[in-house]
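Here the structure comes first, spelled out in structure tokens, and everything after it is commentary.
The values are calculated or read from the model by the stated rules, or taken from the named source; none is laboratory data. Worth saying up front: this structure is predicted, and the values here are computed from it rather than measured. Cβ sites come from the backbone with ideal geometry, for glycine too, and all protein chains shown count toward neighbours. Ligands, DNA and RNA are excluded from the accessible area calculation, which covers all protein heavy atoms including side chains. Shrake-Rupley method; radii C 1.70, N 1.55, O 1.52, S 1.80 Å.
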Amino acid sequence: MSAEEHRRSAPSALGFAAITISDTRTAADDLSGQALAERIEAAGHRIVWQEIVPDEVAAIREVVERALGNPEVDVIVTTGGTGFSPRDVTIEAVSPFFDRPIEGFGELFRHLSFEEVGAAAMLSRATAGLVGTRAVFLLPGSPKAVDLALDRLILPEAGHLLSQARRGAVELPRRLAPPR
């Protein structure tokens, strides 16, 4: 089957968890979280879970683990904490959960970002991976980065990615806690 045939046979409505990682954002001023929810719903998917969590490894892991424990969540998208400031710990908190990294996501995200922001694109540590048969995407905290990742990468391919990950897979109970 071609990639286009796979896309046509992929699930068209997925359940998303949208998680903002920030010490300063609230529901009233979380523009990236609002952009996530609006774009996901406009594409015909559902927001099953939306939360703001502080930039702390334990807090981030706890909310991601709860989202992974929700059977309605197919895709988790986080925004924030992917840069190089000392408080940017999203990658360290979440990537240990990954069973299989999706290397191409970060590569393509930085390539597309380079077209918009130049060399500053290398300062993004955006990444993604599969946890069992669920996809997890870790995005920068800017609304423009969220728009770029959703419009150009995540929304066009999430169904295709999950249909491939789920082919013949049996979701086994697992210890969600990342390795220490």
Roughly how many Å² of His45 are accessible to a 1.4 Å probe, to the nearest 10? 20
Looking only at the stretch 1-150, where both bridge partners belong to it, what percent of the DSSP beta bridges are antiparallel (to the nearest 5)? 30
Over the chain, with neighbouring protein chains present, the accessible area per residue in Å² at probe 1.4 Å is 50
Where the accessible area of the stretch 15-68 is counted over protein heavy atoms with a 1.4 Å probe, how much of it, in %, is carbon and sulfur? 50
Vicinal HN-Hα couplings computed from phi for the stretch 71-79 (Karplus, 6.51 cos²θ - 1.76 cosθ + 1.60; Hz; Gly/Pro x): x, 7, 8, 9, 9, 10, 10, 10, 9
Label-point gap, in nm, between Arg100 and Ala13 - each point 7 angstrom along Cα→Cβ: 2.7
Potential lengthening between Glu116 and Glu72 on full extension [0.36 nm per residue; Cα-Cα distance subtracted]: 12.4 nm
May I ask you to rank Arg100, Arg66 by accessible area, largest first, using a 1.4 Å probe over the protein chains only? Arg100, Arg66
Looking at the square roots a ≥ b ≥ c of the eigenvalues of the Cα gyration tensor of the stretch 1-154, which shape do they give, rounded for a/c under 1.5, prolate if a/b is larger than b/c, or oblate? rounded
For n ≥ 4 DSSP H runs only, could you compute -39500 (n - 2.57) per run for the chain, divide by its residues and tell me the 222 nm figure to the nearest 500? -11500 deg cm²/dmol
